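Single-structure report; data block below.
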Amino acid sequence: MAKNWTSETFTLNTGAKMPAVGLGTWQSKPNEVREAVKAALLAGYRHIDTALAYGNEHEVGQGIKDSGVPRSEIWVTTKLDNPWHKRVEEGITSSLKDLDMDYVDLYLIHWPSSTDPADLKKHYEDWDFLKTWQEMQKLPASGRVKNIGVSNFAIKNLEKLLNDPTCKTVPAVNQVELHPNNPSPKLIDYCAQKGIHCTAYSCLGSTNSPLAKDETLKQIADSKGKSTAQVLLMWGLQRGTSVIPKSVTASRIQDNYQLNGWSLTDEEMKKLSSLPDRFKVCGDAWLPVEVFFGDDE
């Protein structure tokens, strides 16, 4: 039976209910983000995803205010930037100040890389994400962060985290790149076993990805009378992941939210999950440490 995904939530291991569909704001240009956030909230979205690294938290906060939607009705996710790993408390303080909010619903370690701010090509010798997580675990007690999680964590790093004696809190969410050209079934299964919810970023692939020209995807979309973007979002949702498509175009933001009253068949899901091409929008070559190990397939 087809769900009304715009009102659906996923229950995290904390008991919190996170909206299934959100707006991503990565790579959105200045002055576009504010309008995009406002447009999304007026279209019905109740989940906005940003990050300190995006440099747009202030605009996101303005867009939320512009919408007139009460803060209590909106799920806001932001992230700790790599060079801030030794300054978790300062990181969340900075984000809350820019967002002009008292709290965020979800705070993530953006990457498992404790980058030295004095040299972004170097990793701290005396600090890694295990120590960062120790600091993250202290945040919910303050009320300024409702839930904590991670992003871009492969199975290897999740194992390292969960098996460490200092890990008292299982991440509520692992936000990772997920689309049919990077389906990561092993990672999704692993997270499900551990009670970690997966959020899919770059869930529409990218303009340069093979998905843009994929005939199987196009045929399924045409047969449904849906856009390829809508089909990709439905594929993600039916796999049990939340999705945060990025767009700054009001009409596309609205189109991406037309996810009620229809679904993909098991066969259509299988076809999309079996696409042969592999493509990553976001790799790890720019980081001082490797974070992807090919352990997610």
Whichever residue in segment 251-275 is out of contact with any helix residue (DSSP H, G or I) (no Cβ under 6 Å at 6 or more places or on another chain) and among the acidic types (D, E) and, among such residues, is nearest to Q230 (Cα to Cα) = D255
Among the residues of segment 48-94, which ones are touching a Phe, Trp or Tyr at 6+ places or on another chain (Cβ under 8 Å), without any contact (Cβ under 8 Å) to a residue 40 or more places away in the chain and of a type in the set (G, A, S)?
-> G91
For segment 195-213, how many residues are surrounded by 15 or more Cβ atoms within 10 Å (Cβ to Cβ), of a type outside the set (A, V, I, L, M, F, W, C) and either in a strand (DSSP E or B) or free of Cβ contacts under 8 Å to residues at least 60 places away in the same chain (or both)?
-> 3
Some residue of segment 99-114 being of a type in the set (D, E) and under 22 Å from L158 (Cα atoms) = yes
Every listed condition ((1) closer than 23 Å to L287 by Cα; (2) surrounded by 16 or more Cβ atoms within 10 Å (Cβ to Cβ)) holds for Q27 save (2)
Hey, R46 at pLDDT 95 or above, basic (K, R) and either farther than 30 Å from D126 by Cβ or touching a strand residue (DSSP E or B) at 6+ places or on another chain (Cβ under 7 Å) (or both) or not = yes
Selection count, segment 244-255, where residues are buried (at least 16 other Cβ atoms within 10 Å of the Cβ) and either assigned to a strand (DSSP E or B) or in contact (Cβ under 8 Å) with a residue 40 or more places away in the chain (or both) = 7
Counted residues in segment 257-293 being more than 18 Å from N182 (Cα to Cα) and either in contact (Cβ under 8 Å) with a residue 40 or more places away in the chain or not in a loop (DSSP other than H, G, I, E, B) (or both) come to 12
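The values are calculated or read from the model by the stated rules, or taken from the named source; none is laboratory data. All values derive from a computational prediction rather than experimental measurement. Glycine also receives a Cβ, built like all others from the backbone with ideal geometry; neighbour counts cover every protein chain displayed.
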